[in-house]
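Worksheet for the structure shown next.
Quick note: the coordinates plus some simple rules give every number you see, no bench work behind them. Keep in mind that this is a model prediction, so the values were computed, not measured. Heads up, the Cβs are rebuilt from the backbone with ideal geometry, glycines too, and the neighbour counts pull from every protein chain shown.
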Amino acid sequence: MNEIACQFLVIGAGPAGYVAAIRAGQLGLDTVVVDSAKPGGTCLNIGCIPSKALIHAADEYFLLKEAAEGRALPGLTAGTPGLDWAEVVAWKDGIVNRLNNGVTGLFKKSRVKLVEGRARFVDGKTVIVTSETGEQRISAETVVIATGSEPIELKSLPFGGKVISSAEALSLRTPPARLAVVGGGYIGVELGTAFAKAGSRVTIVEASVEILPLYDADLVKPVRRRLEALGVEVMTGAKAQGLAGEDGDLLIETEAGEEQRIACDSVLVTVGRRPVTEGWGREELVLDMDGPFIRTDETRRTAMRGVYAIGDVCGEPMLAHKAMAEGEMVAEIAAGHRRVFDHRAIPAVCFTDPEIVSVGLSPAEAKAAGIATSVGRFPFTASGRAMSLRREDGFVRVVARADNHLVLGVQAVGAGISELSAAFCLAIEMGACLEDLAGTIHAHPTLSESFQEAALGALGRALHV
Ligand code: FAD
Ligand code: NAD
């Protein structure tokens, strides 16, 4: 068996693992990264990037359709639009391919060795990697577990046939005529909206009292209104029971406890993801667990010296940018830097229509922490830029300490608002006060002025509302 020894070994080349490997390589550590799939992990191959590509394609098609139906901007018309979904998917695959090659190129640039195959731990310093070409043994001084997550399967709706996970949903040949989505969280609402725009009749079945339960009601309201306008049926407080009848209708129990059938061509199950903690020899290690996740400290060290866990496998939020930040950090720690993970400003962005952003504390979270706050909110109905974009649905809200005006959190909902998330995070990371935001000249006319106006509002001196 071929044997390799290195300083830094990463299992999994998703956002957590590939960033860890690149940074370690940059810092001069002799680094090996192992993955059984193409580099980039869930995010790049079957997650963030492909889903956003399809969401954008559906948006573009929907605009053409609105123009063709005389519902676009006054004065705009268009001929009947066409939609070849297979071509859209091929375009999306092209983007994924370019990024796969990009990550491979970055590995080469930082002198990281990529080993293709499935890794299995033998002990805390050694794995055996199995691939089509055989087995090799890799040992390392520092080992990083970055095995990511996978979709949760419902016992009553096992994946297969018409029951699909997000991975299959991203590679369909045509949008299903009737799509039932089980789980109205991130993926269900993002992809449900895209398929509705691409022509599917969509029903979302959500067990909680509201879709997107992670976000507060005010943020979700504009999304609910848009779903209604798109003809998406949203059933809250409802639970999927399985498939029923010859046609395989989706059987659900409604909020009122009644059984109902939803006729559908595909059932997209998006009820969350679970960390991948089995299948790679965890039993050979002595790790503590935190529920389904691997327990780590604030440096992402596990219970074993020299063994780290990062990304989705080590806990919420299961987001790519949190995974990347952890990856960079553990590489620097292995190179001798002093680092701890700071989770104060991890943005949560939902690419729905309109988009939602939340970073730091919401008013309710600040209250629960016993902090007195000043809250300012600026609605897009008062924004000239929002009017000129024909998107007045949404607002920006700033939450600050009442005593010293330190910004604790920012939440917003609106078209294209994801791009403002950086400004929100920077304000919190830099320890900005309301006066800093209010005193910063924001370009006119932009949606970003709403951030300044919300701060002015919290100071009791809003100018435009
Ligand atoms: P993963 O990306 O899951 O990577 C883990 C890697 O480990 C995989 O490549 C896997 O093949 C490999 N692996 C596992 N076991 C082994 C083994 N034994 N041997 C070798 N290799 C192994 N997050 C966002 O922040 N923004 C978004 O817009 C967003 N959209 C999403 C949309 C969808 C449809 C989905 C499913 C997820 C989305 N996410 C998004 C979440 C994001 O994809 C994850 O948080 C992120 O990929 C986690 O990175 P990771 O490196 O921890 O794990
Ligand atoms: P999720 O946790 O966002 O949502 C799952 C939803 O399913 C919840 O609303 C839950 O109440 C509901 N649910 C659970 N069991 C149910 C049942 N039996 N019947 C009906 N509803 C049920 O999970 P997801 O949408 O699968 O996404 C997984 C993770 O991927 C997210 O938590 C997030 O970390 C990540 N992600 C992020 C983004 C982004 O950042 N924009 C996009 C997609 C995915």
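Scanning the chain for cysteines with no neighbouring cysteine C-beta under 4.7 angstrom from their C-beta gives 6, 264, 314, 350, 425, 433. Most tightly packed first, judged by the mean number of other beta-carbon atoms within 10 Å of their residues, the peptides 379-386, 95-102 read 379-386, 95-102.
Each part reduced to its alpha carbon centroid, region 4-64 and region 353-373 end up 30 Å apart.
Considering only DSSP beta bridges with both partners in the chain, what is the antiparallel share in %, to the nearest 5? Intermediate results must be reported in sequence, preceding the final value.
Numbers: 51 of 87 bridges.
If we restrict to bridges inside the chain, about 60 percent are antiparallel.
Each of 318, 304, 430, 329 was scored by other Cβ atoms within 10 Å of its Cβ. Listed from fewest to most, they are 430, 304, 318, 329. Sites listed here are trypsin sites (Lys or Arg not before Pro) in region 134-210 whose DSSP assignment is loop and whose Cβ has at most 13 other Cβ atoms within 10 Å: 155, 173.
Full extension of the chain segment joining residue 230 with residue 217 gains 2.7 nm, where the gain is 0.36 nm per residue of separation less the Cα-Cα distance. Partner lysines whose Cα lies under 29 Å from the Cα of residue 197, excluding those fewer than 8 positions away in the same chain, are identified as 52, 65, 92, 162, 221, 239. Looking at region 295-339, the GluC sites (Glu not before Pro) that sit in a DSSP loop and have at most 12 other Cβ atoms within 10 Å of their own Cβ are 298.
Relative contact order of region 267-389, please, whole-number percent, based on alpha carbon pairs below 8 angstrom and at least 6 residues apart.
Details: 113 pairs, mean separation 15.8, N = 123.
13 percent.
Quick check: residue separation of residue 368 and residue 288 times 0.36 nm, minus the Cα distance between them. What number comes out in nm? All intermediate terms of the calculation are to be shown ahead of the outcome.
Details: separation 80, 0.36 × 80 = 28.80 nm, distance 2.96 nm.
Additional length available on full extension: 25.8 nm.
By the rule of a C-alpha distance below 18 Å, with chain neighbours fewer than 8 residues away ignored, the lysines paired with residue 113 are 38, 125. Percent of C-alpha pairs per 10 Å bin in the chain, short distances first: 4, 18, 25, 26, 19, 7, 1, 0.
Positive contributions from Lys and Arg (+1) and negative ones from Asp and Glu (-1), summed over other residues with Cβ under 14 Å from the Cβ of residue 344, come out at -2. Under 5 Å from the amide H of residue 309 lie the amide H atoms of 145, 302, each residue being 5 or more positions distant or on a separate chain, with H modelled from the backbone and absent for Pro and chain starts.
For the pair region 220-258 / region 104-152, the C-alpha centres are spaced 42 Å from each other. From most to least packed by mean Cβ count within 10 Å, the peptides 353-359, 415-421 give 353-359, 415-421.
Using the Cβ-Cβ distance between residue 123 and residue 93 with R0 set to 25 Å, the FRET efficiency from 1/(1 + (r/R0)^6) comes to roughly 0.05. Between residue 173 and residue 80, what's the calculated FRET efficiency when r is the beta-carbon distance and R0 is 22 Å? Round to 0.05. With R0 = 22 Å, the Cβ-Cβ based efficiency is 0.55. Ranked by the mean number of other Cβ atoms within 10 Å of their residues, highest first, the peptides 83-90, 366-373 fall in the order 83-90, 366-373.
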